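Note sheet for the following structure.
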Amino acid sequence: MTVLLNPQSARQHEPSPQHDRKGTRSRVPQSPTSPLSFWPERNRRPESPRWLLLLLLIVLTTCAQSLCAQTIRIQFLNGKNGKPLRNTPVVINRNALPPEKIHLGTLVLRTDSNGIVNVQATSNELISANPERSFGRSCYTNDRYGPLYESVRILQEGIVEENHCGRITFPAAQPGLLVVAFRRETFIEGLGDD
């Protein structure tokens, strides 16, 4: 009868639980505390890239709007003389098409030397463009605010507002271009509105 005084030496001579006596790997389940496994074998499922699919879904949804967005050019003209409103602060309002009625944002931009601003928009938006307060009257509606336009119509056909402020004719409509005309408010009109 052999008595081992050192239990560590006995473990060195025994085969590991993962290998049988021939040295081939066995199907012995690993314990939950094993550093090689996070779950017991009975709870282990085939590896699926769910996290990869989730990450791909998040990336696609966040990029979907920017991938579909196109540039709309909006040109602001003086309805009395046809000259562009140069270096003028303008306000662009973006709203979702009905029935959502969601306000997508307000942009405050400055026109370039040709009176143009560039706006990124998708094809399911309503856009309104208004200049600063001193050019506060639309030559199309004679109101402080211009009308709302569908971005899909601007992108496909282009829109040139009618000019009721003078006899100046504006250029023909071009796809992706919205031409709006405004005039300065009179002193009396300025007193009448808030």
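The values are calculated or read from the model by the stated rules, or taken from the named source; none is laboratory data. Computed from a predicted model, the values in this text were never measured in an experiment. In this analysis, Cβ positions are derived from the backbone assuming ideal geometry, glycine residues included, and neighbour counts consider all displayed protein chains.
When residues in the range 163-194 are screened for being under 32 Å from the mean Cα position of the chain (by Cα) and free of Cβ contacts under 8 Å to residues at least 60 places away in the same chain, 5 of them pass.
Annotation for the range 142-159: no member residue is touching a strand residue (DSSP E or B) at 6+ places or on another chain (Cβ under 8 Å), more than 24 Å from R94 (Cβ to Cβ) and surrounded by 14 or more Cβ atoms within 10 Å (Cβ to Cβ). Residue count for the range 53-92, restricted to those that are assigned to a loop (DSSP other than H, G, I, E, B), surrounded by 15 or more Cβ atoms within 10 Å (Cβ to Cβ) and modelled with pLDDT of 85 or more: 5.
Please list, ordered by residue number, the strands (runs of 3 or more DSSP E) wholly in the range 115-194 having 3 or more residues that are modelled with pLDDT under 90 and on the phi < 0 side of the Ramachandran plot.
Working: elements: 116-121, 125-131, 177-183.
Per the criteria, 125-131, 177-183.
Between N114, N95, the distinction of being surrounded by fewer than 19 Cβ atoms within 10 Å (Cβ to Cβ), in contact with a Pro (Cβ under 6 Å, 6 or more places away or on another chain) and touching a residue at least 24 places away in the same chain (Cβ under 8 Å) belongs to N114 only.
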